[in-house]
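Encoded as C-alpha cells, the structure appears first; notes follow it.
The values are calculated or read from the model by the stated rules, or taken from the named source; none is laboratory data. Keep in mind that this is a model prediction, so the values were computed, not measured. Using ideal geometry, Cβ is built from the backbone for each residue, glycine included, and neighbour counts are taken over all protein chains shown. SASA here: full protein model, heavy atoms, side chains in, ligands and nucleic acids out. Shrake-Rupley method; radii C 1.70, N 1.55, O 1.52, S 1.80 Å.
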Amino acid sequence: MNVKTGSRLWRQVTPLLFIMLAAINAGADELRIAVASNFRQAFSAAADRFEEQSGHEVSMIAGSTGKHYAQILNGAPFDAFFAADAARPVRLESERRIVPGSRFTYAIGKLVLWSADESLVDARGDVLQSGSYRHLAIANPELAPYGVAARQVLQTLGLWDGLSHKLVRGENIGQAFQFVVTANAELGFVARSQLETPGQEFGGSAWEPPPSLYDPIEQQAVLLQDSPAGREFMTFMQGEEARALIRAYGYDVPDVQ
C-alpha cells in the first residue's frame with residue numbers, strides 16, 4: 001500500500017472510529033459516590049476494577065459520614081453513599097431518600113489503638129491508663145462512627161472523663177490517623193483498615209480492643225439515584241471480587257445472604 005492509498009483509507013476509517021467511540025461513550029455514565037474516609041483506599045481499588053469492566057466512571061467524594069449525611073439532606077448530587085455506620089443509611093431509608101431495597105452492609109470495621117512508636121502501645125492497651133503521652137487522637141464522635149467507637153472504649157474502661165484534656169479530635173478517621181502519622185499525637189484510635197493497606201507498612205505498635213468494648217461498626221451503603229450504572233455498581237460491590245478486596249484492606253465482611 002502506498003502513502004496516498006493509506007491516507008485515503010485512514011480518512012475513510014477515522015469517521016467510523018469516531019462513531020464507534022461515541023457509541024461506546026454514550027453507554028458510559030459517571031457516578032458520584034460519597035464515601036466514608038476510612039473506606040477511601042479500599043473503595044478506590046474496587047472502583048478501578050469496576051471501571052475496567054463496565055466502562056463507567058466513578059468519582060469518589062471522601063469525608064466524614066456525618067457531613068455526607070447532612071449534604072445529602074441538603075440535596076448534594078450523590079448517586080450513592082458508602083457510610084461508616086448503619087444509622088445514617090437507615091435514617092435515609094426511613095426518610096424515603098434512597099432507592100427502595102438498595103441498603104446493604106458492605107464492611108464491618110475494626111478499631112485499633114496505634115502509635116508510630118514501636119514501644120509505646122502494649123498488648124493489653126494499658127498505655128491508656130499510664131499517662132505517658134500528651135495527646136490521644138480520635139475521630140470526632142459527633143461526625144464519625146469510628147469516633148463513637150473510640151468514645152465507647154474509653155467510657156467502658158472508665159477513662160473518658162480523665163483523658164478529655166488529652167484528646168485531639170479529627171473531623172474524620174482519616175484526619176485522626178494523620179495526627180498520629182505526623183506525630184501531632186503520640187497515639188490514637190484508628191481504623192484497622194488504615195494499617196492493613198496492601199503494599200504499605202506502617203510499623204509501630206498497636207492494640208485491638210475486644211469487640212465487647214464498643215458496638216460493631218457495621219458500614220452500610222445505599223443507592224440515592226436510580227440508574228442502570230448505579231445498580232450495576234451496587235451489584236458489583238456485593239460480589240465476591242469486591243468482597244475479597246474489602247477483606248484485603250483490613251475489614252470483615254458479612255456472610256452472603
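Of the residues examined, residue 77 is not one that is within 27 Å of residue 34 (Cβ to Cβ), open to solvent by 10 Å² or more (accessible area, probe 1.4 Å) and modelled with pLDDT under 95. Examine region 11-30 for a residue that is modelled with pLDDT of 95 or more, at negative phi and open to solvent by 50 Å² or more (accessible area, probe 1.4 Å), and state whether such a residue exists. Among the residues of region 11-30, at least one is modelled with pLDDT of 95 or more, at negative phi and open to solvent by 50 Å² or more (accessible area, probe 1.4 Å), which makes the answer yes.
For residue 239, state whether it is small (Gly, Ala, Ser) and under 30 Å from residue 77 (Cβ atoms).
Details: small (Gly, Ala, Ser): yes; under 30 Å from residue 77 (Cβ atoms): yes.
It is true that residue 239 is small (Gly, Ala, Ser) and under 30 Å from residue 77 (Cβ atoms).
Taken over region 212-257, residues that are farther than 20 Å from residue 146 by Cβ, among the charged types (D, E, K, R) and open to solvent by 90 Å² or more (accessible area, probe 1.4 Å) amount to 4. Of the listed requirements (1) at pLDDT 95 or above; (2) touching a strand residue (DSSP E or B) at 6+ places or on another chain (Cβ under 7 Å); (3) surrounded by 18 or more Cβ atoms within 10 Å (Cβ to Cβ), residue 42 misses just one: (2). Taking residue 182, is it more than 28 Å from residue 57 (Cα to Cα), of a type in the set (Val, Ile, Thr) and at pLDDT 95 or above? The answer is yes for residue 182.
Looking at 180, 168, 190, 153, can you tell me which residue is part of a strand (DSSP E or B), in contact (Cβ under 8 Å) with a residue 40 or more places away in the chain and not small (Gly, Ala, Ser)?
Values: 180 fails: part of a strand (DSSP E or B); 168 fails: in contact (Cβ under 8 Å) with a residue 40 or more places away in the chain; 153 fails: part of a strand (DSSP E or B).
After applying the criteria, what remains is 190.
List the residue pairs whose Cβ atoms are under 7 Å apart, where the first residue sits in region 99-125 and is open to solvent by less than 10 Å² (accessible area, probe 1.4 Å), the second is hydroxyl-bearing (Ser, Thr, Tyr) and not in a strand (DSSP E or B), and the two are 6 or more positions apart or on different chains. So the pair list comes out as 107/251; 109/146; 109/193; 109/251; 111/146; 111/214.
Taking region 141-161 as the range and being at pLDDT below 95 and open to solvent by 20 Å² or more (accessible area, probe 1.4 Å) as the test, the residues that pass are 142, 143.
Would you check if there is a residue in region 49-63 being among the β-branched types (Val, Ile, Thr), under 18 Å from residue 235 (Cβ atoms) and either surrounded by fewer than 21 Cβ atoms within 10 Å (Cβ to Cβ) or modelled with pLDDT of 95 or more (or both)?
Our first condition is that a residue be among the β-branched types (Val, Ile, Thr); within region 49-63, this holds for 58, 61.
From what's left, under 18 Å from residue 235 (Cβ atoms): 58.
From what is left, the residues that are either surrounded by fewer than 21 Cβ atoms within 10 Å (Cβ to Cβ) or modelled with pLDDT of 95 or more (or both) are 58.
The answer is yes, given that some residue of region 49-63 is among the β-branched types (Val, Ile, Thr), under 18 Å from residue 235 (Cβ atoms) and either surrounded by fewer than 21 Cβ atoms within 10 Å (Cβ to Cβ) or modelled with pLDDT of 95 or more (or both).
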